[in-house]
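Asks: Sharing a structure, written as structure tokens. Questions coming.
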Amino acid sequence: MSFQNPVFIPGPTNMPEEIRKACYMPTIDHRSAVFGEILNPCLKSVRKVLKSDSAHVFIFPSTGTGGWETALSNTLSPGDKILAARNGMFSHRWIDMCQRHGLDVQIVETPWGHGLPAHRYSEILAADTGHEIKVVLATYNETATGVRSNIAAVRKALDDADHPALLFVDGVSSIASMDFRFDEWGVDIAVTGSQKGFMLPAGLAILGFSDKAMAASNSAKLPRTFFDIRDMEKGYAANAFPYTPPVGLMNGLKLSSELLLEEGMENVFARHNRIAEGVRLAVNAWGLELCAATPDVHSDTVSAIKTPKGFDATDIVTHAANTYGVAFGVGLGEVAGKVFRIGHLGSLTDVMTLSGLATAEMCMADLGLNVQLGSGVAAAQEYYRSNPAVSALQAA
Ligand SMILES: *Cc1c(COP(=O)(O)O)cnc(C)c1O
């Protein structure tokens, strides 16, 4: 017998059985029309999930990190100037990738736990009268700290300065889970991966490009081969890839994006918000604090929870894995040992979430933290009872 508990890491996320089955399919000829019946619905549904009418959607066999590289290498040339804030491990890694590509990054250092400082972007963009800055990077949801930033405010900073820079958004741990508006926010490239909101195994980088980003790809001089969107575009025009596509994963993506749209994106976002609110009330009942500094930056997909000084937060994660067979996320970078993370995105129900909260309580009690068993669970239960699930997936 095998007993699999849900995972509470912010990706890869739990896979609904029907999505798992969709990935497990017999070999097809990826150069036949059959592949088009998988590819084209994927492109169409992903565009809708992004809330866009016109985005050019690209799917690469890769992960979110490959999506970052796709964005940079297709639009920029060596030495090009980038504006980015560093407020956690993922924004740090994207900046690091820019630097390794020979790009010149102006970094706005931001305390971990805070959101992107759009007012600083405003000042910097207004001062850049020569329009040296080619791209503004924005990590919508900093998975390391559980911090959500205001992308509309970044768009406004660009517009107020009448600045032509492209806006690239890392939506890896937010797209398909938290409100995302490609067209309305004037996003030029959105990046995500298959293993978070889309509830699939890792293996796909999923991107949306605006017309402006497509145009930039004509003059970009950074080297690109595997991630060249021009080859990919030619492939799509013939219902194919420039190389062998990961057909099973894409068949899974076709189903998962259809399921999300069927549930309704607003319902998906509300579901994540409800689940997250229960987790936040539990954290409060434990007498602990979130890494996210203020409620306006609370992430609905991951909570990074600070443990008392002198206590190694990683012990909770290790203990949960070894004793209860449950996965939580460790702290990364600057907050390593200071926080543990509860991932609450993708396929989750109230009942699953309560089991994670109960496990976290057992671990904290086992390790000598002063946490009353049942206190967080009760706080979340009260919230879930008084705010019943609205969509079928939650009750399922
Ligand atoms: C997970 C994650 C990534 C990296 O994605 P991989 O699929 O692991 O390459 C990038 N950005 C954010 C915000 C993430 O959460």
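The values are calculated or read from the model by the stated rules, or taken from the named source; none is laboratory data. All values reported here derive from a predicted model rather than from experimental measurement. With ideal geometry, Cβ positions are generated from the backbone for all residues, glycine too; neighbour counts draw on all protein chains shown.
Asks: Check residue 113 against each of (1) small (Gly, Ala, Ser); (2) buried (at least 19 other Cβ atoms within 10 Å of the Cβ); (3) away from the ligand (no atom under 16 Å from the Cβ) and name the one condition it does not meet.
Replies: Result: residue 113 fails condition (3) only.
Asks: For the list (1) of a type outside the set (Asp, Glu); (2) surrounded by fewer than 22 Cβ atoms within 10 Å (Cβ to Cβ); (3) touching a helix residue (DSSP H, G or I) at 6+ places or on another chain (Cβ under 8 Å); (4) farther than 30 Å from residue 304 by Cα, I need the number of the one condition that residue 102 fails.
Replies: (3)
Asks: Checking residue 240 against (1) within 23 Å of the chain's Cα centre (by Cα); (2) away from the ligand (no atom under 16 Å from the Cβ); (3) within 30 Å of residue 21 (Cα to Cα), which single condition isn't satisfied?
Replies: It is condition (1) that residue 240 fails.
Asks: For residue 172, which of the numbered conditions (1) closer than 21 Å to residue 272 by Cβ; (2) away from the ligand (no atom under 11 Å from the Cβ) fails to hold?
Replies: (2)
Asks: Right, another one. Which numbered condition trips up residue 162, out of (1) more than 18 Å from the chain's Cα centre (by Cα); (2) outside any loop (DSSP other than H, G, I, E, B)?
Replies: Going through the list (1) more than 18 Å from the chain's Cα centre (by Cα); (2) outside any loop (DSSP other than H, G, I, E, B), residue 162 breaks only (2).
Asks: So, one more: Kindly check whether there is at least one residue in segment 75-90 that is in contact with a His (Cβ under 7 Å, 6 or more places away or on another chain) and modelled with pLDDT of 95 or more.
Replies: Within segment 75-90 (the criterion being in contact with a His (Cβ under 7 Å, 6 or more places away or on another chain) and modelled with pLDDT of 95 or more), the answer is yes, since at least one residue qualifies.
Asks: Consider residue 289 carefully, then state whether it is in contact with a strand residue (DSSP E or B) (Cβ under 7 Å, 6 or more places away or on another chain) and surrounded by fewer than 22 Cβ atoms within 10 Å (Cβ to Cβ).
Replies: Yes, satisfied.
Asks: Looking at segment 135-162, which of its residues are more than 16 Å from the ligand (Cβ to nearest atom) and surrounded by fewer than 20 Cβ atoms within 10 Å (Cβ to Cβ)?
Replies: Within segment 135-162, 152, 153, 156, 159, 160, 162 meet the criteria.
Asks: Go over the candidates 332, 281 one by one and state the one that is under 19 Å from the mean Cα position of the chain (by Cα) and surrounded by fewer than 23 Cβ atoms within 10 Å (Cβ to Cβ).
Replies: Selected residue: 332, the only one of 332, 281 that is under 19 Å from the mean Cα position of the chain (by Cα) and surrounded by fewer than 23 Cβ atoms within 10 Å (Cβ to Cβ).
Asks: Now for a separate question. With the condition being over 25 Å from residue 215 (Cβ atoms) and free of Cβ contacts under 8 Å to residues at least 12 places away in the same chain, I'd like the helices (runs of 4 or more DSSP H) fully within segment 1-117 carrying at least 1 qualifying residues.
Replies: 17-23, 33-49, 89-100
Asks: Can you name every residue in segment 183-207 that is at positive phi and touching a Gly at 6+ places or on another chain (Cβ under 6 Å)?
Replies: 199
Asks: For segment 47-65, what are the residues that are within 16 Å of the ligand (Cβ to nearest atom) and either at pLDDT below 95 or touching a Leu at 6+ places or on another chain (Cβ under 9 Å) (or both)?
Replies: Of everything in segment 47-65, those that are within 16 Å of the ligand (Cβ to nearest atom) and either at pLDDT below 95 or touching a Leu at 6+ places or on another chain (Cβ under 9 Å) (or both) turn out to be 58, 59, 60, 61, 62, 63.
Asks: Testing residue 11 on (1) away from the ligand (no atom under 12 Å from the Cβ); (2) closer than 27 Å to residue 346 by Cα, one condition comes back false. Which one is that?
Replies: (1)
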